[in-house]
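Working notes for the structure below.
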Amino acid sequence: MLREKVGGILEKAEYEYSEYSGCFDIVARKEEILLLKVLENVDSFQEEQAENLKTLSANLEGSPALVGLCTRREKLQDNIIYERFEIPAFTPRTLENILVHNVHPVMYRFRGGFFAEINPQELRREREEKELTQSELAAKVGVTKKSIYEHEQKRMMARYDIARKMEKLLGPVINGIDFTSFSFNAPERHAKTSFERDISSELKRKGFGTDFIYQTPFNIIAKIYGKERFLVFSDAEENVRRIEKNEEHMLAFAEITEKPVIVVTRKRMELEVPVIPTEELREMTRRDIVRAAKKG
């Protein structure tokens, strides 16, 4: 099974991880946090899942990725980075090469073909060592002088065939692609129920910023910015059975990410996750909430 194979790779790379079925299937941690969605056909990954995964990744400063085998049109090739709704996608073998062998892909599949990232410092150094002007190099690889100038000013993608021509003339100038360096802004999300909206409003009154998130074991991310940076994942939920069903996943997520989770509901419940009834929440200060979350 594909998910088991990915789990085996993470174990080989000495990651701690837990599983969940939602916008991510595996959350893993070593030095960094990985949020992996595992699908044989990566085209089955939906835009709403991507939006939730971006929100979660941006708040956790984690790295999302799709691990799969094919799209509707083609089989995914090893050691190539693809993308779906701006989320990097690649094969299990590529994941193993990155995490276990520290070998990063150099080819990026995007609309219009294959691309590679040029290292601007190496490009300029190698060009000058070979005593080529920008115009001469441009003529040899089939691009404009302006293109060479721009590649020497900042990290940019070039068509893979052009990048390979540069390497044949100059030596190594292509960067390996680090999918954990991709960054995402949290998209704006909205509450789905009046209960979630009320809890978010109460948290905001106490000085928290909030994001809504779905297809995860929780639905609100509450955070404090500035000097006292604090992040807590909150399940604002009225359905007792849903809370009980999600408890195990919330605990596992908290353990892997080292971030606290709390449940906000109408009535007190006896859970391992800290539970705050809505009446108590109204009486609590921001510090009280932080303390309650950390105790969990």
For the pair Phe110/Asn41, report the inter-label distance in nm, with labels modelled 7 Å from Cα in the Cβ direction.
2.7 nm
If Thr285, Thr278, Thr210 are placed from fewest to most neighbouring beta carbons inside 10 Å, the sequence is Thr285, Thr278, Thr210
What GluC sites (Glu not before Pro) in the range 87-186 are in a loop by DSSP, with at most 16 other Cβ atoms within 10 Å of the Cβ?
Glu131
Going down the list Lys5/Lys54; Lys245/Lys267; Lys206/Lys245, which pairs span over 20 Å between their C-alpha atoms?
Lys5/Lys54; Lys206/Lys245
Roughly how many nanometres apart are two label points built 7 Å out from the Cα toward the Cβ at Thr278 and Met1?
3.8 nm
Hull shadow area, averaged, the chain [alpha-carbon convex hull, nm²]
18.0 nm²
Stick to Cα atoms and the Kirkwood definition of Rh, then tell me Rg/Rh for the range 29-168.
1.05
For Arg229 and Arg72, what does the FRET efficiency come to when R0 = 25 Å and r is the distance between their Cβ atoms, rounded to the nearest 0.05?
0.05
For the residues Val38, Val103, what sequence is obtained by ranking on other C-beta atoms within 10 Å, fewest first?
Val103, Val38
Determine, for Met107, Met250, Met284, the number of other Cβ atoms within 10 Å of each Cβ, and report the residues in order from fewest to most.
Met284, Met107, Met250
Potential extension, Arg266-Arg242 segment - 0.36 nm per residue separation minus Cα distance
7.3 nm
Label-to-label distance, nm, for residues given as Glu150 and Ala186 (7 Å Cα→Cβ offset)
3.4 nm
Where in the range 1-72 are there trypsin sites (Lys or Arg not before Pro) that are in a DSSP coil and have at most 12 other Cβ atoms within 10 angstrom of their Cβ?
Arg72
Rounded to the nearest 500, what is the chain's calculated 222 nm mean residue ellipticity when only DSSP H runs of at least 4 contribute -39500 (n - 2.57) each, over all residues?
-12000 deg cm²/dmol
Loop trypsin sites (Lys or Arg not before Pro), the range 220-296 (other Cβ atoms within 10 Å of the site Cβ: 15 or fewer; DSSP)
Lys227, Arg229, Arg266, Lys267, Arg268
Amide H within-cut-off set for Ala236, under 5 Å, with H built and near neighbours excluded:
Asn219, Ile220, Val264
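Since every read-out is calculated from the coordinates, none of them should be taken as a lab result. Here the structure is a predicted model, which means the values were calculated and not measured. Cβ coordinates were reconstructed from backbone atoms using ideal geometry, including for glycine residues, and neighbour counts include every protein chain displayed.
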